[in-house]
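Report on one structure; see the data block that follows.
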């Protein structure tokens, strides 16, 4: 085998190892609720050491759901309609007139 063939084989194997470490790093990062790009980049550039770094990084907390702030309209008084005469009419359905 010539020298260039050996170099190409070493580069091909190295790229495959970097690609594998990149994939595993992305999976580790998403499992820790971190950006997948971060894990893929660490795995690709640093290899097994990058995977170790990603594994030791802390897990991020899940994002909290935003609470809706009530609007002014929520607190405004709504007048009764023509069919609602008392508070009890709000709670019960309207009565049907009997013939």
Segment 25-38 residues that are at positive phi, paired with ones that are not in a helix (DSSP H, G or I) (beta carbon under 7 Å, 6 or more apart): 33/59; 33/60; 33/62
Members of segment 1-40 that are assigned to a loop (DSSP other than H, G, I, E, B) and surrounded by fewer than 11 Cβ atoms within 10 Å (Cβ to Cβ): 1, 2
Flag for residue 60 being surrounded by 16 or more Cβ atoms within 10 Å (Cβ to Cβ), modelled with pLDDT under 95 and not in a helix (DSSP H, G or I): no
Residues located in segment 41-57, provided they are in a helix (DSSP H, G or I), buried (at least 17 other Cβ atoms within 10 Å of the Cβ) and in contact with a helix residue (DSSP H, G or I) (Cβ under 6 Å, 6 or more places away or on another chain): 42, 43, 44, 50, 51, 54
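The values are calculated or read from the model by the stated rules, or taken from the named source; none is laboratory data. Computed from a prediction, not measured in an experiment: that's the story for all the values here. Backbone-built Cβ (ideal geometry, glycine too); neighbour counts: all protein chains shown.
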